[in-house]
Structures are given as C-alpha cells and as structure tokens.
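Everything on this sheet refers to the single structure shown next.
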Amino acid sequence: MELIPHAAAETYRPSPRTWQPVRPEDAAKLTDCRLQLHHAVQFGAAAGISFLAHRPDESHTNLEWVPSLAGLFSRVIPTGRPFRIGARPSKFALLMVTEENQPIAEYKLHGRTITDATEWIRSQVKSLGADPTRYTLRRDYEIPDHPVAIGESFDASAPTLFEELSKWFSNAATLLGSVVRKTRRASELRCWPQHFDLATLIKVAPGRTIGMGLEPGDDFYDEPYFYLNMSPQPSASRAQSRPLWGNGTWHTNEWVGPVLPGSRFGAASAQEQQVREFLDSATAACRALVTQS
C-alpha cells in the first residue's frame, strides 16, 4: 500500500489550458490504455455512488477533467474533510484531493489490482472522516471488459500512449469547455463513467437537443473522436446533405451525427483550428437539422 503525502505528490505535469498536438498515427494504438483508464475512473464514480445522494440522471456518478491535476475526478464528497477521488492517465495513478483540488495522497496503479486500489481508497476515506464500509464498486451499468476486471494488474508500461490519451482529454476539456461557456443552455462538461465520453448537452428548444463531446474510443471507432448527436435524430440522407469542415464526416450506423476521428487529424500546427472548424460547422448543421425536423 503506497501513500504519498501532499508534499511528495507533485510528481505529475498538469495539463496546460492550450492545445497539445496529438499524433494521428497513434490514434488507433490507445485501446489498451483507454480500457485501463475506463476501469480506473470507476474508482471516482464509485465515490459518487457510495457517498452522494443519487440523482435520477445519474449525474452523481459523473466526473470532471481537472486541468491542474490532468485527470478525471469525482464530485466533492462532503465529509469531515471534503475530498474527491480521481484518476490521471499520465503517470497512471489514483489521486485523493481536497475540495480545492490540492493533492492529499497518490497511488500509482502500475502493478496493482483493483482490489489493491480499493483497499487503499478505503484507508484514505477513513482518514478523511468517511465510513470506508460504504465505499463500493458495485454499479448498475456495464463497461467494456479488460483483464484488470478479473484480477490482473494494471500495466502502465506504455507511458507515451497514456500521455497521448491524456492529451486527448485535455484538448477536449479546453475546446468543449469554451463552447459551454459561450453557449446558452449548455450543460456542464462532464465525463460519464459508463460510456466514458467527455460531453455537454445543449438544449436548442423544448424536446430538441444537441450532444457534443469527445469519445476516447468505443465499438464504433477504436480511436478517440469528437462527435455531435441530435434529438430528434434526422435521417441519414438529410444529415449528409449538410457540409462539414475540418475533415469531419457523417456517422450513420445506429446513430446519426458528425464525427471527427483522430486518424483524420492533420498537421500538429493546424489541429486546433481543424477541430474548431469541425465543431462550428457541425453545430450549425445540427441546429438546422433539429429545428427543421
């Protein structure tokens, strides 16, 4: 069991609030890192499940990307000493932090199991004034399988790929966060622990919404991708009649919406502008489609 106090926990490099160039050629190499991180963020989701009042929309389970910590963190757990639990991909680890996001303790995940990490968290929450017996990883949703779920150890032996995955979340938090701040009726930007996307929901009109986010990879695209979706959902033919910029394309398998997969990214110096152009054109297209349906 490894406890690193606040003074020694500053071993990570916080995410800057500017675009970090990603490598399109590595977009399809992040699967294992992404699946391990998906399981690791469940420790933070479990904090909400265990200690917060349950909300009908399950928002008590969702997570926030905290740039200063370069990780995904639970909502604040109100106890003797309020805390948050999070996981960061770069230098793969769990972190316990204060309400003000100051590190309390760190637990490096390489070579550790889910059981090991759960025991560590329970010891930490007890010291912070919470009942450790309430902390549970039981959840009412499924996430993709990975050997760590059946007792194998986490493996952070590909640090450059974990760092690449961190850049995707950091970039998404920067760009999508700016959209949320300037868009009326946009929800807070959160990562949902079931689907693992970092997303916001924009209410366009009663019963008409646009979802916008980053999915780090799933059954549709085995690589990170920016996406938009709509409710009500238009037909594929209507959607495809709308142009997209930034090398985006229309996804039409099971759901309809604009997507920009990582493998379609261009040169490093042009990536941020490319994503902004994609999001602007995709938002315009989606607004037109949902208001005209």
(message) I need the full set of residues from region 174-202 which are assigned to a helix (DSSP H, G or I) and among the small types (Gly, Ala, Ser), in order please.
(response) GLY177, SER178
(request) Return yes or no: is GLY207 buried (at least 21 other Cβ atoms within 10 Å of the Cβ) and out of contact with any His (no Cβ under 9 Å at 6 or more places or on another chain)? (result) no
(message) Quick check on my filter: what residues within region 248-283 are without any contact (Cβ under 8 Å) to a residue 24 or more places away in the chain and either of a type in the set (A, V, I, L, M, F, W, C) or surrounded by 17 or more Cβ atoms within 10 Å (Cβ to Cβ) (or both)?
(response) TRP250, ALA267, ALA270
(request) Could you figure out which of (1) of a type outside the set (Phe, Trp, Tyr); (2) at positive phi; (3) crowded, with 16+ Cβ neighbours inside 10 Å isn't true of GLY111? (result) (3)
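Please work out if VAL275 is closer than 18 Å to MET212 by Cβ, outside any helix (DSSP H, G or I) and of a type in the set (Val, Ile, Thr).
Values: closer than 18 Å to MET212 by Cβ: yes; outside any helix (DSSP H, G or I): no; of a type in the set (Val, Ile, Thr): yes.
Spelling it out, it is not the case that VAL275 is closer than 18 Å to MET212 by Cβ, outside any helix (DSSP H, G or I) and of a type in the set (Val, Ile, Thr).
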(request) Could you give me the residue pairs with C-beta distances under 7 Å whose first residue belongs to region 220-247 and is touching a residue at least 60 places away in the same chain (Cβ under 8 Å), whose second residue is part of a loop (DSSP other than H, G, I, E, B) wherever it lies, and which are 6+ apart or on separate chains? (result) GLU223/LEU30; GLU223/GLY217; PRO224/LEU30; PRO224/PRO216; PRO224/GLY217; PRO232/SER293
(message) Looking for something of a type outside the set (A, V, I, L, M, F, W, C), closer than 22 Å to THR113 by Cα, modelled with pLDDT of 90 or more and more than 16 Å from the chain's Cα centre (by Cα) - is there at least one such residue anywhere in region 49-68?
(response) yes
(message) Just the residues that are in contact with a Gly (Cβ under 8 Å, 6 or more places away or on another chain) and in a loop (DSSP other than H, G, I, E, B), please, taken from region 244-260.
(response) ASN247
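Of the residues that sit in region 79-107 and are surrounded by fewer than 16 Cβ atoms within 10 Å (Cβ to Cβ) and in contact (Cβ under 8 Å) with a residue 12 or more places away in the chain, which one is farthest from TRP192 (Cα to Cα)? Let's see the steps before the verdict.
Here is the first cut: in region 79-107, the ones surrounded by fewer than 16 Cβ atoms within 10 Å (Cβ to Cβ) are 79-82, 98-100, 102.
Checking the rest, the ones that are also in contact (Cβ under 8 Å) with a residue 12 or more places away in the chain come to 79-82, 98-99, 102.
Working: THR79: 24, GLY80: 27, ARG81: 25, PRO82: 22, THR98: 21, GLU99: 20, GLN102: 23 Å.
By that ranking, first place goes to GLY80.
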(request) Answer yes or no as to whether LEU176 is closer than 24 Å to LEU214 by Cα and not assigned by TED's automatic domain parsing to the domain that holds PHE265. (result) no
(request) Could you grab me the full set of residues in region 148-173 that are surrounded by fewer than 19 Cβ atoms within 10 Å (Cβ to Cβ) and in a helix (DSSP H, G or I)? (result) ALA149, ILE150, PRO159, THR160, GLU163
(message) Kindly evaluate VAL290 against the criterion of being modelled with pLDDT of 95 or more, more than 20 Å from the chain's Cα centre (by Cα) and β-branched (Val, Ile, Thr).
(response) yes
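The values are calculated or read from the model by the stated rules, or taken from the named source; none is laboratory data. Everything quoted here is computed from the prediction, not taken from an experiment. Cβ: placed from backbone, ideal geometry, glycine included. Neighbour counts: every protein chain shown.
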